[in-house]
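The values are calculated or read from the model by the stated rules, or taken from the named source; none is laboratory data. All of these numbers come straight from a predicted model, not from anything done at the bench. So basically every Cβ, Gly included, is an ideal-geometry build from the backbone, and we count neighbours across all protein chains shown. To get the accessible areas, we keep the full protein, side chains included, count just its heavy atoms, and leave off ligands, DNA and RNA. Shrake-Rupley method; radii C 1.70, N 1.55, O 1.52, S 1.80 Å.
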Amino acid sequence: MGNIMTMMNKEPPPPMVLVPPLFDFPPLAARTRMLESSYNILFGKLALRSLFEDYFEEARHFSTRIMLKPIDDPHVDLIATVSGPLDHNPDENIIGNALFRWQSGLDDPHTFMDLFVSTLDPVFQVRSSAYYPRYGVGAFGIFPLILKNRIASNEFGIMGLRYGSGNLSFGATVRPFSVKDELPKTAWLVSKMGRLTAGVQYEPQGGNKDIANFKNLMNWSAAIGYGVGSGSPLSPSFNFCLELAKSSQFIASFYQHVVVQRRVKNPFEENDIVGITNYIDFGFELQTRVNDVGAPNNIPDSSFQVAASWQANKNFLLKGKVGPLSSTLTLAFKSWWKPSFTFNASATRDRVIGKTSFGFGIQVENLREASYQRADPNFVMLTPSKEHLAEGILWKIGTRPMLESDVNAGNFEALPRELRPLGKIL
């Protein structure tokens, strides 16, 4: 009798929110960020690159990608891609690439080596990076071993040294086997002060190490950015940047990642599932030429691009971008099998010729795990009340989300490694 009364008086389970996994997190570009200048990665550039390029197939082209990791050795993986035109075009060929990667630690993508083979130049290339977080120093190199033609000086390989901490990053790259006397190829210095990030980069345009190159403003770029957010996809973020590239081009950009909740309208879900988390990304980039000296006539004085994406659930992603000459809309569907399967289709409207063309992509992957497919018990009530516990919950426009997680307070320890911030290295 007591058990029956206990069951009758038992409170209903607390409402929960579904938190679907992101389509691609961390992004593949984050695995090789130690091979690039920190200046080229920060200021929201990595997020904007993913927003403007991922799943946008070129008009009348296709792409396929297979990303596999063996069960017996998770330290290695293989990525193979095939892309080309949908119709017969004698001026274009089908391109095939393959990348074999070894990574020292499962949770540390900074120390690795990969082998790249392609039907195009470079035919065979080796890349390697080693980073020691205790001292904050790292070394990296990119060496094309087989090429059809060695003409440019950067085809002889690049080596670099870097220092990285939470608030400072500087480094330089050189061409050790170049026939020309160039030193350095690039050098950068980036510093973070609170929410502000500022940096400069030296990248000479000439082919010698004359000290006059350091005085030539065309070899320098500078940027300043304001950023809010942790870097975890479960936490909203915002980044605004102003850049003067090579003293000839002014670039203004911003990127925003929004985490919102909407009501669940799925009869297959449990009664305690009241909402689902959605991810909305928006980015804008404006480029204006400020120096006409030596600028080609085919480069416009200014250009812009705007892009937005909406992940409705774990299976569907909608993206669109608008530029001065064309607009593209893409829809991606992902099935979280083992391995996962992704199909995406893009429609591009060329406003110059008034024609719409399509592109397609297929991807098979088991590199990144599907995290947070079900309800997250860490998402708790903000202001519990009898109204919130009622069967019919009112979702009011303009109010704060009814449920949230402790990730807003910076607690990421309980998250899967795929959903934690990319790292504390600037």
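Please compute the net charge surrounding G283, taking Lys and Arg as +1 and Asp and Glu as -1 over other residues with Cβ under 14 Å from its Cβ. Don't jump to the answer; show the numbers that get you there.
Numbers: positive: K45, R49, K319, K321; negative: E53, D54, D281, E285.
Surrounding charge for G283 is 0.
Taking the mean number of other Cβ atoms within 10 Å as a proxy for protection, how do you rank 89-102, 317-330, 344-357, 31-44 from highest to lowest?
Values: 89-102: 12.9, 317-330: 17.6, 344-357: 14.6, 31-44: 22.0.
Ranking, from highest mean packing down: 31-44, 317-330, 344-357, 89-102.
I want to check the label-to-label distance for D72 and F282. Put each point 7 Å from Cα in the C-beta direction and report it in nm to one decimal.
5.1 nm
Pop the C-beta distance of T356 and Y135 into the FRET formula with R0 = 56 Å and round what comes out to the nearest 0.05. Walk me through the numbers before you get to the answer.
Values: r = 54 Å, r/R0 = 0.97.
Taking R0 as 56 Å, the efficiency between T356 and Y135 is 0.55.
Starting from the 7 Å offset along Cα-to-Cβ, what nm value, one decimal, do you get for the label separation of W310 and S230?
2.7 nm
With a point put 7 Å past each Cα toward its Cβ, work out how far R289 is from D121 in nm, to one decimal.
Between R289 and D121, the simple spin-label model gives 2.6 nm.
Where a ≥ b ≥ c are the square roots of the eigenvalues of the C-alpha gyration tensor, would you call region 51-121 rounded, which needs a/c under 1.5, or, failing that, prolate if a/b is larger than b/c, or oblate? Mind dumping the intermediate values first?
Details: a/c = 2.71, a/b = 2.14, b/c = 1.27.
Verdict is prolate for region 51-121.
Round to the nearest 10 and report in Å² the accessible area of Y202, as given by a 1.4 Å probe over the protein chains' heavy atoms.
Accessible area, nearest 10 Å²: 10 Å².
Could you calculate the contour length gain from V364 to N271, that is, 0.36 nm times the residue separation minus the distance between their Cα atoms, to one decimal place in nm? Could the numbers behind the result be given before it?
Details: separation 93, 0.36 × 93 = 33.48 nm, distance 3.38 nm.
That works out to 30.1 nm of additional length.
Cα gyration tensor of region 63-204, axes a ≥ b ≥ c as square roots of the eigenvalues: rounded (a/c below 1.5), prolate (a/b > b/c) or oblate? Don't jump to the answer; show the numbers that get you there.
Working: a/c = 1.90, a/b = 1.33, b/c = 1.43.
Taking the square roots of the gyration eigenvalues as a ≥ b ≥ c, region 63-204 is oblate.
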